[in-house]
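Take a look at the structure set out below.
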Amino acid sequence: MLSALAPIFQKSSMNETVLSAETDEILDSTSFSLVALIGFLLSLVGIFSLQYIQVLPFAILGGALGALSLLIAKRHRFGFVSKMFGFLAVVIGATTASTGYFGRLLEDKYDLNQSQKICDLYLDSLSKGDMDRVLFLAGIDPIRDTQSEVTAAREAVSRIRTDAIHLAIKNRKTPAKWKFLGPVGDFASAGSHNYKLSYQDLALPNPPTYILTTRKTSSKRDRKATSINWYVESLIIADAP
């Protein structure tokens, strides 16, 4: 009878051994990943890159640490919570970084298009001799500011009406053929942002390069501005002595 029960005890012993091994494996797999947690926290900070480009590296680093934790999860027997932190870090970090980066590319392209539009209007109006429209595009009211008691306002009107470059373009006999060469640069100023664009008049035999500076009446990344205006601030020749 004992011999008949031997296989049962042996089988039971084997089951206990397998169960013990599985239990040990489960216990061993509950190690926690600090890398995954740090990656998750950094990816959360990176969400602010949708508003502030300066924190975009946090989203990238958070996603990278999350991916690293997933790669080494099996080797170091990370638990479910660690794997979840790593997964969320990758998803949040990658989504935030890509959205923030490409969103800013679209914003920059939009600003460049707006800047180019006002420059095109400015040069076209100047070529046609429509000085009142030129002044309006420069943010100057030709009637009000001419009669203004403010010296700076009158000087702004006079500066454009008597500027040698403006007069040369206005009095040109052949129609201008303006070609946009591209952006030169941009910079922040008090409560606004400026863009520099370059043009050439292909109707001239040896066309100089003209630089127009436009002003956007808000900061570069201001999403709260309810009203934004664009003006042309200056027109110069790039290679003038």
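The values are calculated or read from the model by the stated rules, or taken from the named source; none is laboratory data. All of these numbers come straight from a predicted model, not from anything done at the bench. For neighbour counting, all protein chains shown are included, and Cβ atoms are generated from backbone atoms with ideal geometry for every residue, glycine included. Areas reflect the complete protein model, heavy atoms only, side chains present, ligands, DNA and RNA absent. Shrake-Rupley method; radii C 1.70, N 1.55, O 1.52, S 1.80 Å.
Before rounding to the nearest 500, sum -39500 (n - 2.57) across all DSSP H runs of length at least 4 in the chain and divide by the residue total; then give [θ] at 222 nm in deg cm²/dmol. Present the calculation step by step, with values, prior to reporting the outcome.
On the way: 8 runs with 134 residues, N = 241.
Rounded to the nearest 500, it is -18500 deg cm²/dmol.
In the chain, if the dipole is taken from +1 on Lys/Arg beta carbons and -1 on Asp/Glu beta carbons about the Cα centre, which of Phe87, Ala203, Pro57 is farthest to the positive end?
Of the listed residues, the answer is Ala203.
Could you state how much accessible area Val150 has, in square angstrom rounded to the nearest 10, with a 1.4 Å probe and all protein chains kept in place?
90
Name the residue from Leu44, Thr151, Ser98 whose Cα lies farthest towards the positive end of the charge dipole of the chain, charges +1 on Cβ of Lys and Arg and -1 on Cβ of Asp and Glu.
Farthest along the dipole direction, towards plus: Thr151.
Once you have the Cα-Cα distance between Val81 and Thr99, take 0.36 nm times their residue separation minus that, and quote the gain in nm to one decimal.
3.8 nm
For helix 80-127, report the angle its Cα long axis makes with the longest principal axis of the Cα atoms of the chain; keep it between 0 and 90° and round to the nearest 10°.
10
Determine ³J(HN,Hα), in whole Hz, for all residues of region 199-210 in sequence, where each value follows from phi through the Karplus function 6.51 cos²θ - 1.76 cosθ + 1.60 and θ = phi - 60°; x replaces Gly and Pro.
Whole-Hz 3J(HN,Hα) from phi for region 199-210: 9, 9, 9, 6, 6, 8, x, 10, x, x, 9, 9.
Ordering Glu149, Glu155, Glu233, Glu107 by accessible area with a probe of 1.4 Å, largest first, what comes out? Before the final figure, lay out the partial values.
Details: Glu149 170, Glu155 115, Glu233 80, Glu107 50 Å².
Result, largest first: Glu149, Glu155, Glu233, Glu107.
Computed over the Cα atoms, what is the radius of gyration of the chain divided by 2.2 N^0.38 Å, N being its residue count?
Details: Rg = 33.5 Å, N = 241, 2.2 N^0.38 = 17.7 Å.
Ratio of Cα Rg to 2.2 N^0.38 Å: 1.90.
May I ask for the angle, rounded to the nearest 10°, between helix 34-46 and the longest principal axis of the chain, with both axes built from Cα atoms and the value confined to 0 to 90°?
Helix 34-46 sits roughly 20 degrees off the main axis of the chain.
Place the peptides 33-43, 109-119 in order of packing, highest mean first, counting for every residue the other Cβ atoms within 10 Å and averaging per peptide.
The peptides rank, most packed first, as 33-43, 109-119.
Any lysines with Cα under 22 Å of the Lys173 Cα? List them, leaving off those in the same chain fewer than 8 positions away.
Correct list for Lys173: Lys128.
Taking a probe of 1.4 angstrom, what is the accessible area of Leu212 in Å², to the nearest 10?
We get 0 Å² for Leu212.
Treat every Asp and Glu Cβ in region 46-205 as -1 and every Lys and Arg Cβ as +1, leave all other atoms uncharged, and give the resulting dipole magnitude about the Cα centre to the nearest 20 debye. Before the final figure, lay out each step's value.
Details: 19 positive and 14 negative charges, 158 e Å.
The calculation lands at about 760 debye.
Computed FRET efficiency, Cβ-Cβ of Arg221 and Thr174, R0 41 Å: what is it to the nearest 0.05?
0.45
Return one number: the angle in degrees, 0 to 90 and rounded to the nearest 10, between the long axis of the Cα atoms of helix 2-28 and the longest principal axis of the Cα atoms of the chain.
That works out to roughly 20 degrees.
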